[in-house]
1. Taking the residues in region B:120-160 that are in a loop (DSSP other than H, G, I, E, B) and touching an Asp or Glu at 6+ places or on another chain (Cβ under 7 Å) as candidates, determine which candidate is surrounded by the most Cβ atoms within 10 Å (Cβ to Cβ).
2. Could you look through region B:25-41, keep only residues that are at the interface with chain A (Cβ under 9 Å from one of its Cβ atoms) and part of a loop (DSSP other than H, G, I, E, B), and pick out the one that is surrounded by the fewest Cβ atoms within 10 Å (Cβ to Cβ)?
3. Residue check, B:Leu45 against (1) within 8 Å of another protein chain (Cβ to nearest Cβ); (2) in a helix (DSSP H, G or I); (3) closer than 22 Å to B:Gly137 by Cβ; (4) within 24 Å of the chain's Cα centre (by Cα), all met but one. Which one?
4. For region A:59-94, give me the residue count where each residue is surrounded by fewer than 17 Cβ atoms within 10 Å (Cβ to Cβ), at pLDDT 95 or above and away from chain B (no Cβ under 11 Å).
5. Looking at region A:11-42 only, could you name the residues that are among the hydrophobic types (A, V, I, L, M, F, W, C), surrounded by 22 or more Cβ atoms within 10 Å (Cβ to Cβ) and without any contact (Cβ under 8 Å) to a residue 24 or more places away in the chain?
6. So, A:Ala104, is that one over 22 Å from B:Ile71 (Cα atoms), at the interface with chain B (Cβ under 7 Å from one of its Cβ atoms), touching a strand residue (DSSP E or B) at 6+ places or on another chain (Cβ under 7 Å) and surrounded by 20 or more Cβ atoms within 10 Å (Cβ to Cβ) or not?
7. Could you grab me the full set of residues in region A:108-121 that are under 20 Å from A:Ser70 (Cβ atoms) and at the interface with chain B (Cβ under 9 Å from one of its Cβ atoms)?
8. Can you tell me which residues in region A:20-51 are polar (S, T, N, Q) and part of a helix (DSSP H, G or I)?
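The values are calculated or read from the model by the stated rules, or taken from the named source; none is laboratory data. In this text the structure is predicted, and so the values were computed from the model without any measurement. Glycine gets a Cβ as well: all are built from the backbone with ideal geometry, and neighbour counts include every protein chain shown.
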Amino acid sequence: MLDKSLIGRESEPWVQAVEKGAIRRFVEATGDPNPIYVDEEAARAAGYPGIVAPPTFPAVLAVNERFRHSLDLGTRTLLHSEEQLEYGRPLFAGENITVKTRVADVQERAGASGPMDILVLEGEGHDARGALVFRAREVLVLRRG
Amino acid sequence: MALLARQLYFEAVKVGDELPPLVKPPVDRTQIARYAGASDDYNPLYVDELLAKNAGFPSAHAPGMLVMGFIGELVVDWLRGARLRRFAARFVKIVWPGDVITCRGRVSDRRFEPNGAYAIDIEVWAENQRGELVVKGLVSAQLYYSAEDDAQQRVGGTPLLVTPEEEAARLAKLSRAQPPKRAEPRPPPPPPPARLPPPRPAPAPVAQAVPPTTRPPPPLPPRPAVAARPPPASRPHEAMGKKIAPPKRQGAKARPAHRAKPAARASRPRVGSKPTGKKRR
């Protein structure tokens, strides 16, 4: 099973540029036609200072693949079972967000196909002035064997 | 002022209000691959068919976050610029290639908060073409009370303070006056676009494999494939632990104001096509 001592382990702060091309590819993938995600003018007309990131985009920034690797989860199948996002304010293209991820919890649970490990990761994004932009919490289920 | 009129204001929202459902084109493998790339999450269960089969799944599947993104589209369109505070989702059932996802939402709470803040909660959920609940969640948003509150705060003024009692008194007065009119004029509802299920109550549409629109989300299975119960929530995520009762239908009571949006849906691009820069509002 996963080691409980992982709880509290934290990644190095990691600066992520919010690129407008990345936002565009994201909404093209979800098929969301809202122009505020791709068109500067439409975003301003809607009252924003510039292109906005869609509400689930912070989850992308919060995932730190290198950190996840460092947890040594092995090759077990990993299912995403929950996501919780909190917003300090909207996120805009062109920003640099400093993200930190940490292990919030590790649990063991009995599943239909044997015991499963539950891993809860929390990420926080702050802007250049240090203000909280988002908090993201993901619950992952790891099957044994 | 035309800009301000586009917002959704607190005074226009009632508990029980339903969002016009959003039916997405079938999820296909190209979309799954694109989402994996765009979200930088290459979980092999999304992109590696052989590995998924070896792990005991019938095929590769869609990331839950893709469907949460669909729900985000539904909610952002309906809120029209109101500020999101929280968005939580539980991935109850796996979404497979070919599934047709319908996203729905219903206002479950409406709060007058201190210092002129006004907040609503929206229960949101997504169903597949068999009417099975695949994602369920909760959105909290903060709204301006009215166009007046919005205008006042945009020029740096203080929030408009309205108490529930004042609102009730105003509504009572409005209902005595005739004809009852809204604080702000709204456009008449457009005819429902062909792609969306007809307004409730109505039989299931024939053209698409969409579940009957009168069906509430099924109760959660005792131990769904993907659903892990949330661990005891540390800090501000408790809301997800709260049981969300299956939404009750409100039938024809959905107000036309919130149906104004779907007109734009009729011409929305298919998945994979480049979103156009056209203004929808």
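1. Per the stated criteria, the residue is B:Tyr144.
2. Of everything passing the filter in region B:25-41, B:Asp40 is surrounded by the fewest Cβ atoms within 10 Å (Cβ to Cβ).
3. (4)
4. Residues that pass the stated criteria total 1.
5. A:Ala29, A:Ile36, A:Val38
6. In short, yes.
7. A:Ile118, A:Val120
8. Correct list: A:Thr30 only.
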